[in-house]
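See below for the structure under consideration.
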(Lines give C-alpha, C1' and ligand atoms only; values in the text may rest on other atoms or scores of the structure.)
Protein backbone atom coordinates (compact mmCIF):
# COMPACT_ATOMS: atom_id res chain seq x y z
CA UNK A 1 0.00 0.00 0.00
CA UNK A 2 2.67 2.51 1.12
CA UNK A 3 6.39 2.42 0.44
CA UNK A 4 9.10 4.86 1.46
CA UNK A 5 12.33 4.38 -0.49
CA UNK A 6 15.56 5.88 0.88
CA UNK A 7 13.90 9.09 2.07
CA UNK A 8 16.25 11.89 3.05
CA UNK A 9 15.35 15.51 3.63
CA UNK A 10 14.51 18.31 5.99
CA UNK A 11 13.90 22.02 5.92
CA UNK A 12 15.91 24.26 3.58
CA UNK A 13 19.52 23.13 3.88
CA UNK A 14 19.09 21.44 7.27
CA UNK A 15 19.08 17.62 6.87
CA UNK A 16 16.83 15.75 9.28
CA UNK A 17 16.02 12.39 7.69
CA UNK A 18 18.67 10.03 6.35
CA UNK A 19 17.83 7.09 4.08
CA UNK A 20 14.50 6.10 5.61
CA UNK A 21 12.96 3.00 4.02
CA UNK A 22 9.93 0.97 5.06
CA UNK A 23 6.64 -0.36 3.70
CA UNK A 24 3.14 -0.77 5.08
CA UNK A 25 0.75 -3.37 3.71
CA UNK A 26 -2.92 -2.66 3.17
CA UNK A 27 -4.99 -3.08 6.32
CA UNK A 28 -2.04 -2.56 8.68
CA UNK A 29 -1.49 0.00 11.45
CA UNK A 30 2.06 1.40 11.68
CA UNK A 31 3.18 3.48 14.65
CA UNK A 32 6.15 5.85 14.38
CA UNK A 33 8.07 6.32 17.63
CA UNK A 34 11.11 8.29 18.73
CA UNK A 35 12.18 11.15 21.00
CA UNK A 36 11.46 14.79 20.25
CA UNK A 37 13.45 16.10 17.30
CA UNK A 38 14.17 12.69 15.77
CA UNK A 39 12.19 13.48 12.59
CA UNK A 40 8.82 11.79 13.14
CA UNK A 41 6.66 14.71 11.99
CA UNK A 42 9.06 15.53 9.18
CA UNK A 43 8.74 11.98 7.87
CA UNK A 44 4.96 12.24 8.00
CA UNK A 45 5.07 15.50 6.02
CA UNK A 46 7.21 13.91 3.32
CA UNK A 47 4.92 10.88 3.10
CA UNK A 48 1.91 13.19 2.75
CA UNK A 49 3.57 15.27 0.04
CA UNK A 50 3.61 18.47 2.11
CA UNK A 51 7.40 18.42 2.11
CA UNK A 52 9.66 17.37 -0.77
CA UNK A 53 12.48 14.95 0.03
CA UNK A 54 16.01 15.75 -1.10
CA UNK A 55 16.32 12.14 -2.22
CA UNK A 56 14.16 9.05 -2.37
CA UNK A 57 10.46 8.75 -3.10
CA UNK A 58 7.10 7.72 -1.66
CA UNK A 59 4.78 5.27 -3.42
CA UNK A 60 1.09 4.61 -2.84
CA UNK A 61 -0.20 1.51 -4.59
CA UNK A 62 3.14 1.34 -6.48
CA UNK A 63 2.65 4.87 -7.90
CA UNK A 64 4.87 7.81 -6.97
CA UNK A 65 2.76 10.33 -5.04
CA UNK A 66 4.02 13.11 -7.35
CA UNK A 67 2.14 11.49 -10.24
CA UNK A 68 -1.23 11.90 -8.53
CA UNK A 69 -3.24 15.10 -8.89
CA UNK A 70 -4.12 16.85 -5.63
CA UNK A 71 -7.67 15.49 -5.76
CA UNK A 72 -6.51 11.96 -6.61
CA UNK A 73 -3.99 12.03 -3.77
CA UNK A 74 -6.68 13.24 -1.36
CA UNK A 75 -8.88 10.32 -2.40
CA UNK A 76 -5.99 7.94 -1.71
CA UNK A 77 -4.67 9.54 1.47
CA UNK A 78 -6.04 11.52 4.42
CA UNK A 79 -3.74 13.59 6.63
CA UNK A 80 -4.49 14.67 10.19
CA UNK A 81 -1.70 17.02 11.28
CA UNK A 82 -0.71 17.62 14.89
CA UNK A 83 -2.05 21.18 15.20
CA UNK A 84 -5.25 22.59 13.77
CA UNK A 85 -6.40 26.15 13.20
CA UNK A 86 -9.76 27.16 11.84
CA UNK A 87 -9.49 29.70 9.02
CA UNK A 88 -13.09 30.73 9.57
CA UNK A 89 -15.91 30.03 11.98
CA UNK A 90 -17.80 26.84 11.15
CA UNK A 91 -19.99 24.30 12.88
CA UNK A 92 -18.85 20.80 13.72
CA UNK A 93 -20.94 19.37 10.89
CA UNK A 94 -19.49 21.85 8.38
CA UNK A 95 -15.96 21.05 9.57
CA UNK A 96 -16.46 17.30 9.25
CA UNK A 97 -18.13 17.75 5.84
CA UNK A 98 -14.96 19.31 4.47
CA UNK A 99 -13.55 15.79 4.53
CA UNK A 100 -15.83 14.96 1.61
CA UNK A 101 -14.30 17.62 -0.66
CA UNK A 102 -12.07 15.22 -2.65
CA UNK A 103 -15.19 13.28 -3.65
CA UNK A 104 -17.04 16.33 -5.00
CA UNK A 105 -17.13 17.48 -8.62
CA UNK A 106 -17.34 21.02 -7.24
CA UNK A 107 -17.24 22.35 -3.69
CA UNK A 108 -20.34 20.75 -2.10
CA UNK A 109 -22.10 20.95 -5.48
CA UNK A 110 -22.95 17.27 -5.71
CA UNK A 111 -23.73 16.21 -2.15
CA UNK A 112 -24.80 12.57 -2.22
CA UNK A 113 -26.30 10.02 0.12
CA UNK A 114 -22.82 8.50 0.42
CA UNK A 115 -21.42 11.86 1.52
CA UNK A 116 -24.16 12.26 4.10
CA UNK A 117 -23.65 8.74 5.40
CA UNK A 118 -19.86 9.21 5.68
CA UNK A 119 -20.21 12.46 7.64
CA UNK A 120 -22.84 11.12 10.02
CA UNK A 121 -20.91 7.90 10.59
CA UNK A 122 -17.68 9.79 11.30
CA UNK A 123 -19.40 12.07 13.83
CA UNK A 124 -20.97 9.10 15.57
CA UNK A 125 -17.70 7.15 15.65
CA UNK A 126 -15.90 10.03 17.33
CA UNK A 127 -18.83 10.97 19.62
CA UNK A 128 -19.11 14.54 18.29
CA UNK A 129 -22.57 14.30 16.75
CA UNK A 130 -24.02 15.97 19.84
CA UNK A 131 -21.95 19.04 18.85
CA UNK A 132 -23.19 18.91 15.24
CA UNK A 133 -24.51 22.49 15.20
CA UNK A 134 -21.97 23.96 17.63
CA UNK A 135 -19.30 26.32 16.31
CA UNK A 136 -15.93 24.66 16.63
CA UNK A 137 -14.29 27.57 18.45
CA UNK A 138 -16.54 26.86 21.45
CA UNK A 139 -15.19 23.33 21.91
CA UNK A 140 -12.41 22.21 24.22
CA UNK A 141 -9.05 21.12 22.83
CA UNK A 142 -9.97 17.44 23.16
CA UNK A 143 -13.36 17.95 21.53
CA UNK A 144 -11.77 19.81 18.62
CA UNK A 145 -9.30 16.96 18.18
CA UNK A 146 -12.15 14.49 17.87
CA UNK A 147 -13.87 16.73 15.31
CA UNK A 148 -10.76 16.79 13.12
CA UNK A 149 -10.41 13.02 13.44
CA UNK A 150 -14.03 12.78 12.29
CA UNK A 151 -13.16 15.00 9.32
CA UNK A 152 -10.31 12.67 8.42
CA UNK A 153 -12.53 9.60 8.65
CA UNK A 154 -15.24 11.22 6.56
CA UNK A 155 -12.71 11.55 3.74
CA UNK A 156 -12.95 7.73 3.35
CA UNK A 157 -9.51 7.26 1.80
CA UNK A 158 -7.51 4.03 1.88
CA UNK A 159 -4.57 5.51 3.79
CA UNK A 160 -4.80 7.61 6.97
CA UNK A 161 -1.80 9.60 8.26
CA UNK A 162 -2.04 10.80 11.85
CA UNK A 163 0.30 12.95 13.93
CA UNK A 164 -0.36 12.20 17.61
CA UNK A 165 -4.10 11.55 17.20
CA UNK A 166 -4.72 11.23 20.94
CA UNK A 167 -3.14 14.58 21.80
CA UNK A 168 -5.41 16.56 24.20
CA UNK A 169 -7.64 13.53 24.80
CA UNK A 170 -8.36 11.95 28.19
CA UNK A 171 -7.84 8.20 28.54
CA UNK A 172 -11.50 7.36 27.84
CA UNK A 173 -11.45 9.23 24.53
CA UNK A 174 -7.95 7.94 23.69
CA UNK A 175 -9.34 4.44 23.97
CA UNK A 176 -12.48 5.32 22.03
CA UNK A 177 -10.57 6.89 19.13
CA UNK A 178 -7.93 4.18 18.90
CA UNK A 179 -10.47 1.38 19.29
CA UNK A 180 -12.42 2.92 16.44
CA UNK A 181 -9.35 3.34 14.20
CA UNK A 182 -8.24 -0.22 15.02
CA UNK A 183 -11.71 -1.48 14.03
CA UNK A 184 -11.50 0.33 10.68
CA UNK A 185 -8.12 -1.29 10.08
CA UNK A 186 -9.32 -4.77 11.02
CA UNK A 187 -12.81 -4.72 9.51
CA UNK A 188 -12.46 -2.46 6.48
CA UNK A 189 -8.80 -2.74 5.48
CA UNK A 190 -7.88 0.87 6.30
CA UNK A 191 -4.13 1.46 6.30
CA UNK A 192 -2.91 3.78 9.06
CA UNK A 193 0.44 5.43 9.73
CA UNK A 194 0.55 7.40 12.96
CA UNK A 195 3.12 9.26 15.04
CA UNK A 196 2.92 8.42 18.75
CA UNK A 197 4.54 9.81 21.86
CA UNK A 198 2.85 7.21 24.05
CA UNK A 199 4.83 4.01 23.55
CA UNK A 200 2.28 1.84 25.35
CA UNK A 201 -0.61 3.01 23.16
CA UNK A 202 1.47 2.46 20.03
CA UNK A 203 2.38 -1.05 21.12
CA UNK A 204 -1.19 -1.93 22.06
CA UNK A 205 -2.90 -0.74 18.87
CA UNK A 206 -0.30 -1.01 16.11
CA UNK A 207 0.65 -4.02 14.01
CA UNK A 208 4.17 -2.70 13.44
CA UNK A 209 6.40 0.00 14.89
CA UNK A 210 9.07 2.20 13.34
CA UNK A 211 11.53 3.45 15.96
CA UNK A 212 13.47 6.53 14.86
CA UNK A 213 16.72 7.88 16.24
CA UNK A 214 18.33 11.12 15.02
CA UNK A 215 16.67 10.96 11.61
CA UNK A 216 17.37 7.28 10.97
CA UNK A 217 15.52 4.02 11.49
CA UNK A 218 16.73 2.31 14.65
CA UNK A 219 14.26 -0.58 14.44
CA UNK A 220 11.25 -1.71 12.43
CA UNK A 221 8.97 -4.66 13.08
CA UNK A 222 6.26 -5.99 15.36
CA UNK A 223 6.02 -4.38 18.81
CA UNK A 224 7.86 -7.22 20.56
CA UNK A 225 10.72 -6.86 18.05
CA UNK A 226 11.05 -3.11 18.50
CA UNK A 227 10.28 -2.54 22.18
CA UNK A 228 13.40 -4.08 23.66
CA UNK A 229 14.62 -2.64 26.95
CA UNK A 230 18.19 -1.79 25.97
CA UNK A 231 17.00 -0.33 22.66
CA UNK A 232 14.42 1.97 24.24
CA UNK A 233 16.94 2.99 26.89
CA UNK A 234 19.49 3.91 24.21
CA UNK A 235 17.06 5.89 22.03
CA UNK A 236 15.17 7.74 24.76
CA UNK A 237 18.00 7.84 27.31
CA UNK A 238 15.63 6.62 30.00
CA UNK A 239 15.45 3.53 32.20
CA UNK A 240 12.41 1.39 31.55
CA UNK A 241 11.03 -2.04 32.29
CA UNK A 242 8.86 -4.08 29.91
CA UNK A 243 6.03 -6.42 30.83
CA UNK A 244 3.33 -8.22 28.89
CA UNK A 245 -0.09 -6.61 28.61
CA UNK A 246 -2.61 -8.57 30.74
CA UNK A 247 -5.02 -9.18 27.83
CA UNK A 248 -3.08 -8.66 24.59
CA UNK A 249 0.21 -10.22 23.38
CA UNK A 250 1.85 -6.79 23.37
CA UNK A 251 4.71 -5.41 25.50
CA UNK A 252 4.00 -2.50 27.83
CA UNK A 253 6.56 -0.11 29.26
CA UNK A 254 7.05 1.18 32.78
CA UNK A 255 9.35 4.14 33.43
CA UNK A 256 12.00 3.56 36.11
CA UNK A 257 12.71 6.95 37.70
CA UNK A 258 16.18 7.87 38.85
CA UNK A 259 15.33 8.95 42.38
CA UNK A 260 17.43 8.97 45.51
CA UNK A 261 16.89 5.98 47.75
CA UNK A 262 15.34 6.64 51.11
CA UNK A 263 17.85 6.91 53.91
CA UNK A 264 15.91 4.61 56.25
CA UNK A 265 16.36 0.88 55.72
CA UNK A 266 13.25 -1.14 54.97
CA UNK A 267 13.46 -4.28 57.04
CA UNK A 268 10.89 -6.83 58.20
CA UNK A 269 11.26 -7.79 61.88
CA UNK A 270 9.78 -10.66 63.86
CA UNK A 271 7.69 -8.18 65.85
CA UNK A 272 5.87 -7.19 62.65
CA UNK A 273 4.26 -10.65 62.48
CA UNK A 274 1.33 -11.00 64.88
CA UNK A 275 -1.07 -13.84 65.61
CA UNK A 276 -4.54 -12.50 66.30
CA UNK A 277 -7.81 -14.23 67.08
CA UNK A 278 -9.04 -14.46 63.49
CA UNK A 279 -5.91 -14.09 61.39
CA UNK A 280 -2.13 -14.04 61.17
CA UNK A 281 -1.05 -10.50 60.32
CA UNK A 282 2.01 -8.85 58.84
CA UNK A 283 1.53 -5.09 58.83
CA UNK A 284 4.25 -2.71 57.65
CA UNK A 285 4.64 1.02 57.04
CA UNK A 286 6.39 0.29 53.73
CA UNK A 287 5.43 -1.98 50.82
CA UNK A 288 6.95 -5.32 49.86
CA UNK A 289 7.08 -6.63 46.32
CA UNK A 290 4.88 -9.70 46.27
CA UNK A 291 4.06 -12.69 44.08
CA UNK A 292 1.22 -14.79 45.41
CA UNK A 293 -1.72 -17.10 44.73
CA UNK A 294 -3.77 -15.42 47.46
CA UNK A 295 -7.55 -15.09 47.55
CA UNK A 296 -7.32 -11.29 47.59
CA UNK A 297 -4.81 -9.43 45.39
CA UNK A 298 -3.18 -12.47 43.81
CA UNK A 299 -0.38 -11.98 41.30
CA UNK A 300 2.55 -9.58 41.29
CA UNK A 301 2.36 -6.23 43.05
CA UNK A 302 3.43 -4.04 45.97
CA UNK A 303 1.60 -4.38 49.31
CA UNK A 304 2.11 -3.41 52.96
CA UNK A 305 -0.49 -5.55 54.72
CA UNK A 306 -0.89 -9.33 54.75
CA UNK A 307 -3.43 -11.53 56.50
CA UNK A 308 -4.00 -15.29 56.64
CA UNK A 309 -7.57 -15.47 57.88
CA UNK A 310 -9.25 -18.36 59.69
CA UNK A 311 -12.75 -19.24 58.49
CA UNK A 312 -15.23 -21.88 59.61
CA UNK A 313 -15.26 -25.31 58.01
CA UNK A 314 -18.64 -24.62 56.42
CA UNK A 315 -17.55 -21.28 54.89
CA UNK A 316 -19.47 -20.54 51.68
CA UNK A 317 -16.93 -20.03 48.90
CA UNK A 318 -19.49 -19.04 46.24
CA UNK A 319 -18.91 -15.32 46.80
CA UNK A 320 -15.49 -15.40 48.38
CA UNK A 321 -14.16 -12.31 46.56
CA UNK A 322 -17.03 -10.09 47.66
CA UNK A 323 -17.09 -11.46 51.21
CA UNK A 324 -13.34 -11.14 51.68
CA UNK A 325 -13.40 -7.54 50.43
CA UNK A 326 -16.08 -6.64 52.95
CA UNK A 327 -14.15 -8.41 55.71
CA UNK A 328 -11.06 -6.32 55.00
CA UNK A 329 -13.12 -3.12 55.11
CA UNK A 330 -14.75 -4.17 58.38
CA UNK A 331 -11.33 -4.92 59.91
CA UNK A 332 -9.88 -1.58 58.81
CA UNK A 333 -7.53 -2.86 56.09
CA UNK A 334 -7.00 -1.02 52.83
CA UNK A 335 -8.26 -3.45 50.14
CA UNK A 336 -5.81 -2.13 47.57
CA UNK A 337 -2.85 -2.50 49.93
CA UNK A 338 -3.58 -5.90 51.44
CA UNK A 339 -2.92 -9.48 50.36
CA UNK A 340 -5.33 -11.93 51.92
CA UNK A 341 -5.42 -15.73 52.30
CA UNK A 342 -7.94 -18.05 53.98
CA UNK A 343 -7.60 -21.24 56.01
CA UNK A 344 -9.73 -23.38 58.32
CA UNK A 345 -6.73 -23.83 60.63
CA UNK A 346 -6.89 -21.97 63.94
CA UNK A 347 -4.47 -19.02 63.90
CA UNK A 348 -2.84 -20.20 67.14
CA UNK A 349 -1.49 -23.17 65.16
CA UNK A 350 0.49 -20.97 62.77
CA UNK A 351 4.19 -21.80 62.63
CA UNK A 352 6.58 -18.85 62.35
CA UNK A 353 10.28 -19.39 61.72
CA UNK A 354 13.09 -16.90 61.24
CA UNK A 355 16.36 -17.66 59.43
CA UNK A 356 19.48 -15.53 59.27
CA UNK A 357 21.24 -15.36 55.91
CA UNK A 358 24.14 -13.41 54.44
CA UNK A 359 21.76 -11.17 52.49
CA UNK A 360 19.22 -10.67 55.33
CA UNK A 361 16.63 -12.45 57.44
CA UNK A 362 13.96 -14.74 55.94
CA UNK A 363 10.64 -15.44 57.64
CA UNK A 364 8.52 -18.49 56.85
CA UNK A 365 4.94 -18.63 58.16
CA UNK A 366 2.84 -21.76 57.57
CA UNK A 367 -0.66 -22.92 58.51
CA UNK A 368 -1.39 -26.50 57.49
CA UNK A 369 -4.70 -28.32 57.29
CA UNK A 370 -4.31 -31.68 55.57
CA UNK A 371 -7.81 -33.14 55.95
CA UNK A 372 -8.24 -33.22 52.19
CA UNK A 373 -4.66 -33.85 51.06
CA UNK A 374 -4.31 -34.83 47.45
CA UNK A 375 -1.79 -36.47 45.15
CA UNK A 376 -1.67 -34.15 42.16
CA UNK A 377 -0.83 -37.03 39.82
CA UNK A 378 -4.08 -38.73 40.85
CA UNK A 379 -6.29 -35.64 41.04
CA UNK A 380 -8.06 -36.46 37.79
CA UNK A 381 -9.71 -39.39 39.57
CA UNK A 382 -11.38 -37.11 42.14
CA UNK A 383 -14.93 -36.34 41.12
CA UNK A 384 -16.31 -34.90 44.38
CA UNK A 385 -16.29 -31.24 45.37
CA UNK A 386 -13.59 -29.58 47.45
CA UNK A 387 -13.35 -30.18 51.17
CA UNK A 388 -11.54 -28.27 53.86
CA UNK A 389 -7.78 -28.67 53.74
CA UNK A 390 -5.36 -25.85 53.05
CA UNK A 391 -1.62 -25.29 53.44
CA UNK A 392 -0.89 -21.58 53.35
CA UNK A 393 2.74 -20.51 53.12
CA UNK A 394 4.36 -17.09 53.42
CA UNK A 395 8.02 -16.52 52.57
CA UNK A 396 9.14 -13.00 53.52
CA UNK A 397 12.66 -11.99 52.51
CA UNK A 398 14.79 -9.07 53.58
CA UNK A 399 16.45 -8.92 50.18
CA UNK A 400 16.07 -7.99 46.53
CA UNK A 401 14.78 -10.51 43.98
CA UNK A 402 14.55 -10.36 40.22
CA UNK A 403 11.29 -11.41 38.57
CA UNK A 404 12.99 -14.68 37.67
CA UNK A 405 14.00 -15.20 41.30
CA UNK A 406 10.42 -14.62 42.48
CA UNK A 407 9.14 -17.40 40.22
CA UNK A 408 11.98 -19.74 41.15
CA UNK A 409 11.38 -19.01 44.84
CA UNK A 410 7.75 -20.09 44.40
CA UNK A 411 8.96 -23.32 42.78
CA UNK A 412 11.51 -23.94 45.54
CA UNK A 413 8.91 -23.37 48.26
CA UNK A 414 6.45 -25.72 46.55
CA UNK A 415 9.07 -28.45 46.25
CA UNK A 416 9.97 -28.06 49.93
CA UNK A 417 6.31 -28.29 50.97
CA UNK A 418 5.89 -31.47 48.90
CA UNK A 419 8.96 -32.99 50.54
CA UNK A 420 7.50 -32.24 53.99
CA UNK A 421 4.25 -33.99 53.06
CA UNK A 422 6.25 -36.98 51.90
CA UNK A 423 8.34 -37.21 55.07
CA UNK A 424 5.27 -36.80 57.27
CA UNK A 425 3.58 -39.56 55.26
CA UNK A 426 0.52 -37.51 54.39
CA UNK A 427 -1.69 -39.62 52.13
CA UNK A 428 -4.33 -38.96 49.53
CA UNK A 429 -6.91 -41.31 51.09
CA UNK A 430 -8.72 -41.80 47.77
CA UNK A 431 -5.69 -43.08 45.84
CA UNK A 432 -3.71 -44.25 48.93
CA UNK A 433 -0.62 -42.51 47.54
CA UNK A 434 1.59 -39.85 49.12
CA UNK A 435 -0.06 -36.44 48.87
CA UNK A 436 1.69 -33.50 47.22
CA UNK A 437 -0.63 -30.71 48.43
CA UNK A 438 -4.23 -29.90 49.27
CA UNK A 439 -6.71 -28.60 46.66
CA UNK A 440 -6.67 -25.03 47.98
CA UNK A 441 -3.06 -24.28 48.95
CA UNK A 442 -1.85 -20.68 48.73
CA UNK A 443 1.72 -19.43 48.50
CA UNK A 444 3.23 -15.98 48.88
CA UNK A 445 6.77 -14.76 48.33
CA UNK A 446 7.48 -11.18 49.41
CA UNK A 447 10.70 -9.16 49.44
CA UNK A 448 11.78 -5.74 50.68
CA UNK A 449 13.77 -5.21 47.44
CA UNK A 450 16.68 -3.81 49.45
CA UNK A 451 20.31 -4.81 49.03
CA UNK A 452 22.17 -6.57 46.22
CA UNK A 453 20.01 -8.12 43.49
CA UNK A 454 19.54 -11.88 43.71
CA UNK A 455 18.97 -12.95 40.12
CA UNK A 456 17.95 -16.53 40.91
CA UNK A 457 15.91 -18.27 43.60
CA UNK A 458 16.41 -21.95 42.83
CA UNK A 459 17.37 -24.57 45.44
CA UNK A 460 21.16 -24.15 45.05
CA UNK A 461 21.15 -20.35 45.46
CA UNK A 462 21.70 -18.68 48.83
CA UNK A 463 18.10 -17.54 49.07
CA UNK A 464 16.79 -20.83 47.67
CA UNK A 465 18.62 -22.84 50.31
CA UNK A 466 16.99 -20.81 53.07
CA UNK A 467 13.55 -21.06 51.47
CA UNK A 468 13.88 -24.82 50.96
CA UNK A 469 14.94 -25.45 54.54
CA UNK A 470 12.47 -22.99 56.04
CA UNK A 471 9.36 -24.16 54.19
CA UNK A 472 10.25 -27.81 54.79
CA UNK A 473 10.76 -27.35 58.52
CA UNK A 474 7.76 -25.05 59.04
CA UNK A 475 5.43 -27.27 57.03
CA UNK A 476 6.51 -30.39 58.92
CA UNK A 477 5.89 -28.68 62.24
CA UNK A 478 2.53 -27.29 61.12
CA UNK A 479 1.40 -30.76 59.99
CA UNK A 480 2.43 -32.25 63.34
CA UNK A 481 0.47 -29.57 65.21
CA UNK A 482 -2.57 -30.21 62.99
CA UNK A 483 -2.45 -33.96 63.69
CA UNK A 484 -2.29 -33.43 67.44
CA UNK A 485 -5.46 -31.38 67.35
CA UNK A 486 -7.31 -33.46 64.74
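The values are calculated or read from the model by the stated rules, or taken from the named source; none is laboratory data. Owing to the predicted nature of the structure, the values given are computational and were not obtained by experimental measurement. A quick note on method: Cβ atoms are made from the backbone with ideal geometry, for glycine too, and the neighbour counts reach across all protein chains shown.
Details
- With a requirement of 1 or more residues that are in contact with a helix residue (DSSP H, G or I) (Cβ under 7 Å, 6 or more places away or on another chain) and modelled with pLDDT of 95 or more, the helices (runs of 4 or more DSSP H) lying completely within segment 143-239 that satisfy it span 199-205, 223-226.
- Condition met for residue 299 (under 22 Å from the mean Cα position of the chain (by Cα) and either more than 23 Å from residue 396 (Cα to Cα) or free of Cβ contacts under 8 Å to residues at least 40 places away in the same chain (or both)): yes
- Residue match in segment 226-242 (condition: in contact (Cβ under 8 Å) with a residue 24 or more places away in the chain and closer than 20 Å to residue 400 by Cβ): no
- Residue in segment 411-425 that is within 16 Å of residue 357 (Cβ to Cβ), without any contact (Cβ under 8 Å) to a residue 12 or more places away in the chain and assigned by TED's automatic domain parsing to the domain that holds residue 287 present: no
- Out of 369, 468, sole residue that is assigned by TED's automatic domain parsing to the domain that holds residue 350 and closer than 26 Å to residue 315 by Cβ: 369
- Among the residues of segment 385-419, the ones that are over 26 Å from residue 269 (Cβ atoms) and surrounded by 22 or more Cβ atoms within 10 Å (Cβ to Cβ) come to 2 in all.
- Sole residue being part of a loop (DSSP other than H, G, I, E, B), under 17 Å from residue 161 (Cα atoms) and either touching a residue at least 60 places away in the same chain (Cβ under 8 Å) or touching a helix residue (DSSP H, G or I) at 6+ places or on another chain (Cβ under 9 Å) (or both), chosen from 31, 27: 27
- Test: residue in segment 71-80 that is touching a helix residue (DSSP H, G or I) at 6+ places or on another chain (Cβ under 6 Å), in the same structural domain as residue 184 (by TED's automatic domain parsing), closer than 16 Å to residue 152 by Cα and surrounded by fewer than 14 Cβ atoms within 10 Å (Cβ to Cβ): yes
- For residue 44, the conditions (1) touching a strand residue (DSSP E or B) at 6+ places or on another chain (Cβ under 6 Å); (2) surrounded by fewer than 20 Cβ atoms within 10 Å (Cβ to Cβ); (3) at pLDDT 90 or above are fulfilled apart from (2).
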